[in-house]
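First comes the structure, then the notes that go with it.
The values are calculated or read from the model by the stated rules, or taken from the named source; none is laboratory data. None of the values given here were measured: they were computed from a predicted structure. Heads up, the Cβs are rebuilt from the backbone with ideal geometry, glycines too, and the neighbour counts pull from every protein chain shown.
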Protein chains: 2
Amino acid sequence: MSETTAASFGAATHLVCRACGAHATLGADYSCWECFGPLEVAYEFGTVTREQIQAGPLSLWRYAPLLPVPANVAETRTLSPGMTRLQPADNLAKALGITGKLWVKDDSGNPTHSFKDRVVAVAQTAGIQLGFKTLACASTGNLAQAVAAAAARAGQRSVVLVPSNLESHKIQATAAYNGYVIGIDGNYDDVNRLCSELIGEEVSADWGFVNVNLRPYYAEGSKTVGYEIAEQLGWRLPDQVVIPVASGSLLTKIDKGWREFTSLGLVEEHPYRVFGAQATGCNPVSTAFADGQDVIRPVKPNTIAKSLAIGNPADGPYALDAVRRTNGAIGDVTDAEVVEGIRLLAETEGIFAETAGGVTVAVTRKLLAQGLLDPTAETVIVNTGEGLKTLDAVSTGDGFTATIAPSVDSVSLVIASGK
Amino acid sequence: MSETTAASFGAATHLVCRACGAHATLGADYSCWECFGPLEVAYEFGTVTREQIQAGPLSLWRYAPLLPVPANVAETRTLSPGMTRLQPADNLAKALGITGKLWVKDDSGNPTHSFKDRVVAVAQTAGIQLGFKTLACASTGNLAQAVAAAAARAGQRSVVLVPSNLESHKIQATAAYNGYVIGIDGNYDDVNRLCSELIGEEVSADWGFVNVNLRPYYAEGSKTVGYEIAEQLGWRLPDQVVIPVASGSLLTKIDKGWREFTSLGLVEEHPYRVFGAQATGCNPVSTAFADGQDVIRPVKPNTIAKSLAIGNPADGPYALDAVRRTNGAIGDVTDAEVVEGIRLLAETEGIFAETAGGVTVAVTRKLLAQGLLDPTAETVIVNTGEGLKTLDAVSTGDGFTATIAPSVDSVSLVIASGK
């Protein structure tokens, strides 16, 4: 099941191998037939103006002319994610010693409260163009809920494969949409391998796996985080950005989005630096950066930042390229620092992030201390998800400052004791 | 601590008693000095145009000229809630037998994922105008998190008082912002009474309780749900709306917002019908409606829809007025029907609502069956919060369709068995 004649992918023209440059037609292919390198969507953009984008819907579909989707995509049944808040973060800047302007791009405002709604929306649309009837994925949490919700809205079946030891509340939230939620006895690598084995099997002949056979389209969804930051800043690029790194795809695509906006004349050319954030318990890209290596040595993840726990990140080398090309850096932080990062963002800005957001804040602090981030420059940090989904990471005791009788005197005593 | 000379409340001119019509100055008063009736904000609106609103920020502050807030409010440090999605809901319409257009106004897209961010933003702003340094509330969940987050962002102290037997995850999420989270040994009525007793006490002299002494301002925030529905429909009103009823404030304020939009010429006059939704385990307004009474007889709540569990709803009589004036109705549904409502919305539209959203969907179905809602009319239903916060309501077993070994054959067996 590859391309169909009626399929429309907008301005996308073909797939191209990021390793050897070989071309492939737009279909459900994800690795190069020549060298097994990863395939990426290539385009021939027409004229795209700010006015055209601004006249579009208040979702990522305002950027439809820059995505591998049909022109009428906003009228189709997707969750319409995107256009999340870009919040000025003056309190956090002060706490971090940043004197330049600081912003938080808060993707917890998406329909299922993570940036995964963006990539799923693009993959789902491409999958429908390619004739897939079922939306599927391998996931450890955020992606599972995003796929189950998007499939429900489109009237598709969903099949989500996850490790059977996943946190119960992520399972229950995903199960609410009534798709298949299949627990696999094994770790995430086992689940991922199984999904690759399912490609081409009879049972899964009409399954579009968003992060396997639809991966080239899926990855393009992340460009919209970069587009929105630029548009929300008033059609310009910031000096620095700090982005969490799991597969490395989000980082490379924000960079790609900004290069596209620049070449299309939607923003003025502006030198920017791209920084990556990992947890020390899963830091293969950070380690390669520190060691000056081009090759990523896989690790066995052991961190509370489960949404970043990819030990063998597919786009790691490309993330390294983007960081080095822009004079950025990649840092990693301990789980204790991750929790401090979550708390700092919540206390200063009222944004309750998942563990990945804690990683980003904590790495920002570390890179500042190391003199790698410029405290006087305009900086954007990206929060990819919602604290309600990783509540256990910050829970301590019963959460109460105090438990008292219902009397004014008792309240007075609590306040007098301080926090 | 009442009005200050420097305070600005925009077009708001005074407070007016909804019972006897007496006037009061704009201050931290919430009940009439003559008859103890509830006070409401009154305005003298200038000219407000669609163009002026559309040029405003993508938050509830685009409606600042219609709220008791200063003109520069969008530049102050609030969470900037609002402008949540109005999703077309064709699948749900089909499931419910609605042939007219159906929309879901999904307020789970707010910063802390409930409509409470709106009312807190307005109360917080008024409280700062009135000189309060601390943001406080009595709450059973959504309001607690909204207050703690908003206070953190503004650099204010927060004091949240909740029943000590509240669900642990609501406490932990609220505690993340590092405000005071005080558990009270007692039920919500005890907490509410304690907050009233704290007004004027030394310990709480600078505390603005959003839902007590700032209540007139707080309630105005709910108008923005109505404003947004009208704007998002293309500056027009729907035929019918179904709104969950706790205190009754949201329902009365959506109605107020639509009357204001009509009288200001922002929408054409259009007859609309307002419907209310309660859980049978806390149905004082629904009961009064069914019995043809004007007076609400308090009940002792017993329902899984805890965010609607107000046994003695302050705005109940006004909600009855709005429903009767517009030829609407109020219905109530059992907890089992609430769970079915949550599942139906998730399965058909990919929107995972809290229990209050389940109440609204289930009551919509019931009112259709009773012939009270018109299935051919254009209908909007309001989802006020997020399913992740009331996950226990829909959890069954471990959530898995099946747990299997990582093999293609095992997957094939699960799919062959069906759901």
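Please verify whether the stretch B:398-411 includes one or more residues that are within 14 Å of chain A (Cβ to nearest Cβ) and touching a residue at least 40 places away in the same chain (Cβ under 8 Å). The answer is no; no qualifying residue exists.
As for the stretch B:93-107, it holds no residue that is aliphatic (A, V, I, L, M), buried (at least 24 other Cβ atoms within 10 Å of the Cβ) and more than 30 Å from residue B:378 (Cα to Cα). The numbered conditions (1) under 23 Å from residue B:109 (Cα atoms); (2) in the same structural domain as residue B:257 (by TED's automatic domain parsing); (3) not hydrophobic (A, V, I, L, M, F, W, C) are all true for residue B:77 except (2). Just one of the listed residues (A:233, A:161, A:194, A:214) is facing another protein chain (nearest Cβ under 7 Å) and either within 30 Å of residue A:333 (Cα to Cα) or at pLDDT 95 or above (or both), namely A:194. Among the residues that make up the stretch B:70-83, is at least one of them crowded, with 23+ Cβ neighbours inside 10 Å, of a type in the set (Ser, Thr, Tyr) and touching a His at 6+ places or on another chain (Cβ under 9 Å)? No; the residues of the stretch B:70-83 include none that is crowded, with 23+ Cβ neighbours inside 10 Å, of a type in the set (Ser, Thr, Tyr) and touching a His at 6+ places or on another chain (Cβ under 9 Å). Can you tell me which of A:279, A:314, A:305 is closer than 21 Å to residue A:115 by Cα, under 16 Å from the mean Cα position of the chain (by Cα) and surrounded by fewer than 22 Cβ atoms within 10 Å (Cβ to Cβ)? The unique qualifying residue is A:314.
Filtering B:219, B:146 for residues that are in a helix (DSSP H, G or I), closer than 26 Å to residue B:392 by Cβ and out of contact with any Gly (no Cβ under 8 Å at 6 or more places or on another chain) leaves a single hit, B:146.
Taking first residues from the stretch A:142-157 that are more than 10 Å from every other protein chain (Cβ to nearest Cβ) and partners that are assigned to a helix (DSSP H, G or I) and of a type in the set (Ser, Thr, Tyr), the Cβ contacts under 7 Å between residues at least 6 apart in sequence or on separate chains come to A:142/A:307; A:144/A:174. In the stretch A:122-129, the count of residues that are within 13 Å of another protein chain (Cβ to nearest Cβ) and among the β-branched types (Val, Ile, Thr) is zero.
This table checks each residue for (1) assigned to a loop (DSSP other than H, G, I, E, B); (2) crowded, with 20+ Cβ neighbours inside 10 Å.
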{"site": "A:237", "(1), (2)": "yes, yes"}
{"site": "A:242", "(1), (2)": "no, yes"}
{"site": "A:246", "(1), (2)": "yes, yes"}
{"site": "A:257", "(1), (2)": "no, yes"}
{"site": "A:262", "(1), (2)": "no, no"}
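Results for (1) in contact with a Lys or Arg (Cβ under 7 Å, 6 or more places away or on another chain); (2) within 12 Å of chain B (Cβ to nearest Cβ); (3) at pLDDT 95 or above; (4) farther than 28 Å from residue B:158 by Cβ, shown as yes or no for each residue.
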{"residue": "A:358", "(1), (2), (3), (4)": "no, yes, yes, no"}
{"residue": "A:367", "(1), (2), (3), (4)": "no, no, yes, yes"}
{"residue": "A:370", "(1), (2), (3), (4)": "no, no, yes, yes"}
{"residue": "A:375", "(1), (2), (3), (4)": "no, no, yes, yes"}
{"residue": "A:379", "(1), (2), (3), (4)": "no, no, yes, no"}
{"residue": "A:384", "(1), (2), (3), (4)": "no, no, yes, no"}
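Residues being free of Cβ contacts under 8 Å to residues at least 60 places away in the same chain and surrounded by fewer than 24 Cβ atoms within 10 Å (Cβ to Cβ) are represented in the stretch B:371-385 by at least one member. Summed over the stretch A:134-190, residues that are farther than 22 Å from residue B:87 by Cα and not charged (D, E, K, R) total 27.
Filtered by the rule that a residue be under 20 Å from the mean Cα position of the chain (by Cα), modelled with pLDDT under 95 and within 9 Å of chain A (Cβ to nearest Cβ), the stretch B:172-190 gives a lone residue, B:173.
Applying the criterion of at least 1 residues that are under 18 Å from residue A:275 (Cα atoms) to the helices (runs of 4 or more DSSP H) found wholly in the stretch A:315-419 leaves A:316-325, A:335-349, A:355-369.
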